[in-house]
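Quick notes on the structure that follows.
Where a number appears in this text, it was derived from the coordinates with a stated rule and is not lab data. This structure is a prediction, so every number in the text was calculated from the model and none was measured. Here the Cβ positions follow ideal geometry from the backbone for every residue, glycine too, while neighbour counts run over all protein chains shown.
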Amino acid sequence: MEHVIVTQNLTRRFGDLVAVDSLSLTVAAGEIFGLVGPDGAGKTTTLRLLCGLMDPTEGGAMVAGYDVAREPQAVKDRIGYMAQRFGLYQDLTVQENMDFYADLFGIFGEERAELEQRLLRMTRMEPFRDRRAGQLSGGMKQKLSLMCTLLHRPEIMFLDEPTNGVDPVSRRDFWTILYQLLKDGITIFMTTAYLDEAERCNRVGLMHRGKLIRCDAPELIKAGAETLETAFIEAIRSETGA
């Protein structure tokens, strides 16, 4: 089994605060992996470390075969990163935002037209291609962010709480898109605070105060517990001795 994400004792400190504490995990190619935990657990910091946007204090990580600290540009060339906050241009239309990012990625001509059309069709955003991004609903904004992130055909997608604050119908649509990306061979690493979403992942890592306290398939983590939430609470109690 090929592992496209490997971390060894990955640690990030901010002064006295240990945001990520000796994180060791692997993610296989073609897997959807969910990092689950409450606000402040260290999920976003982990994502930023794996994307080469922040250097670790200790330990290290390999993504797509490259060291995130020593070869960050090689990592960035092979991944897509979708942050929590909508970062596209509100005054540009859906089509104009896509064109802008296609320009940045150096995608032109027939390849660009075919790729943009495929993404619009996959996300069901074709009827809204001329609508300004600032006038889109929360779910549509997330779809637009995803489309722009996919334009350079990444091998691995990093998604930071992609459905946070999105209505239930848009969440369902977003997951339909994620499963299609899996079929296309893209590995997905996502963070979420929604335990019902975590159950849709192949494997999940439960994170608490910077530490990975459990990592396994959702059904195995749930074994003996009524819900994943109950299993998470029991894992925290076991970790803290509470």
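Here are the numbers for the structure shown:
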read-out	value
Sequence-distant residues sharing a close amide H with R214 (under 5 Å, placed H)	L206
Packing-based ranking, highest mean first, of 73-83, 165-175 given that Cβ atoms within 10 Å are counted	73-83, 165-175
Highest-fluctuation residue, I156, I32, I213 considered, GNM on the chain with Cα pairs under 10 Å	I213
Cβ-derived FRET efficiency at R0 41 Å, D55 paired with I233, nearest 0.05	0.75
Peptides ranked, highest mean first, by Cβ atoms within 10 Å: ranges 197-203, 224-230, 15-21	197-203, 15-21, 224-230
Formal net charge of residues neighbouring L120 (Cβ-Cβ distance under 9 Å; K, R +1; D, E -1)	+2
Mean Cβ neighbour count within 10 Å, used as a protection proxy, ranking 5-12, 106-113, 119-126 highest first	5-12, 119-126, 106-113
Over 25 Å between alpha carbons, listed pairs K141/K222; K76/K183; K141/K211	K141/K222; K141/K211
Shape of the range 25-76, Cα gyration tensor, a/c cut at 1.5	oblate
Phi-based couplings in Hz for the range 204-221 (Karplus 6.51, -1.76, 1.60; Gly and Pro marked x)	10, x, 8, 10, 8, 6, x, 9, 8, 9, 8, 8, 5, 5, x, 5, 6, 5
Amide H contacts under 5 Å for D77, placed H, 5+ residues apart	none
Counting all C-alpha pairs of the chain, share separated by more than 33 Å (%)	19 percent
Amide H contacts of I32 (H built 1.01 Å from N, under 5 Å, at least 5 apart or other chain)	I188, N202, R203
